[in-house]
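These notes are about the structure you will find just below.
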Amino acid sequence: MTKTAKPVTVTLSAEDAADLQARVERGEFASLEEGVAAELAELNYRRAAEIVGGPEKLEALLDKLEVVETQDPADWIGGKRSLSDMLADLKAQAGS
């Protein structure tokens, strides 16, 4: 699913801005926008890992979710599974 980009203004410290600009100039990112987006994605990953109990558990959960995505979508719609059932499954997987 692709989300529409929404413009925002971000204020960085002078040090962080210089670091990000240097990374763009080295070719690590194509633009400042790409660099900020990559850093936010990394932050989201670290937060998710913290929530589920570490990077290993997060990767295991993501692997399980990839398997779920290969199941027949009809099993997940038409009232066959409630949202609360799906959330309970995710919580159980995160706890294992």
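The numbers here are math on the coordinates, done by the rules we state, and not lab data. These figures come from a predicted structure and were not determined experimentally. Neighbour counts run over all protein chains shown; Cβ positions are idealised from the backbone, glycine included.
Just subtract the alpha-carbon distance of Glu56 and Lys3 from 0.36 nm times their residue separation and send over the number in nm, one decimal.
Numbers: separation 53, 0.36 × 53 = 19.08 nm, distance 2.78 nm.
So the extension gain works out to 16.3 nm.
Placing R0 at 35 angstrom, the Cβ-Cβ distance between Ala88 and Val36 gives a FRET efficiency of 0.45 after rounding to 0.05.
The alpha-carbon atoms of segment 12-52 define a convex hull whose volume equals 67 cubic angstrom per residue.
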